[in-house]
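What follows is a short report on a single structure.
Coordinate-derived values only; no laboratory data. It should be emphasised that the depicted structure is a prediction, and the values quoted were computed from it without experimental measurement. Neighbour counts are summed over all protein chains in view; Cβ atoms, including those assigned to glycine, are modelled from backbone coordinates with ideal geometry.
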Amino acid sequence: DLRADLNGDDVVNFADFLIFSNDFNKVAVDASTANRAGKLTPQAPGVNTNAEVSLNVKGDAKIGENLVVNVDLSDASALSGWGMTVGFNAEQYEFVEALEGDLLSGNDTPVFLVHSSDPGQVSLANAVTGDGSAAGSGVLAQLVFRPKGEFEDTRFEVCEGVRFDPDRLE
């Protein structure tokens, strides 16, 4: 639905979510006609280009016990929003829930998005409203999975991801 294309690039994605969350509780307006005409100006890289995401599994897969996977971010300079899709083996695990991490705590984050409609994938996004941002390292989210068996080899991976600074630069 291109009505959700808030930056006018003809794609609804994490960048639009960031704009939505930044303008949460404000009156919405359409993207400019210049942007709709494809006259977007390319932007320089943002300040978070050296920030790194990692997935850290806490514990072992055991029947009857949930497995927690932390989504960690290190070396953020000014993080105002992020989004990613995490892949997992749907034959080995069932996605249970995602919980907000602590890296953006202290900021107003009214919309923590969790979407899991495709087997073996869960998409997450979060953003700070207003002019706030976070710096440093910490947990973006905790993913909770229910093992369908006991496994020695398992794989969780970031399939795609973005992070934004207050100027909405990646």
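Using 0.36 nm times the number of residues separating Glu100 and Val11, minus their current alpha carbon distance, what extension gain do you get?
Result: 29.4 nm gained on full extension.
Diffusion coefficient of segment 128-170 by Stokes-Einstein, Kirkwood radius over Cα pairs, 20 °C, 1.002 mPa s: 151 µm²/s.
Rg and Dmax, both from the Cα atoms of segment 56-132 and both in Å, are 14.1, 44. Each label point was placed 7 Å from the Cα along the Cα-to-Cβ direction; for Phe112 and Lys148 their separation is 2.7 nm. Label zone (Lys62, point 7 Å along Cα-to-C-beta; backbone nitrogen cut-off 18 Å) within segment 141-164: 144-154.
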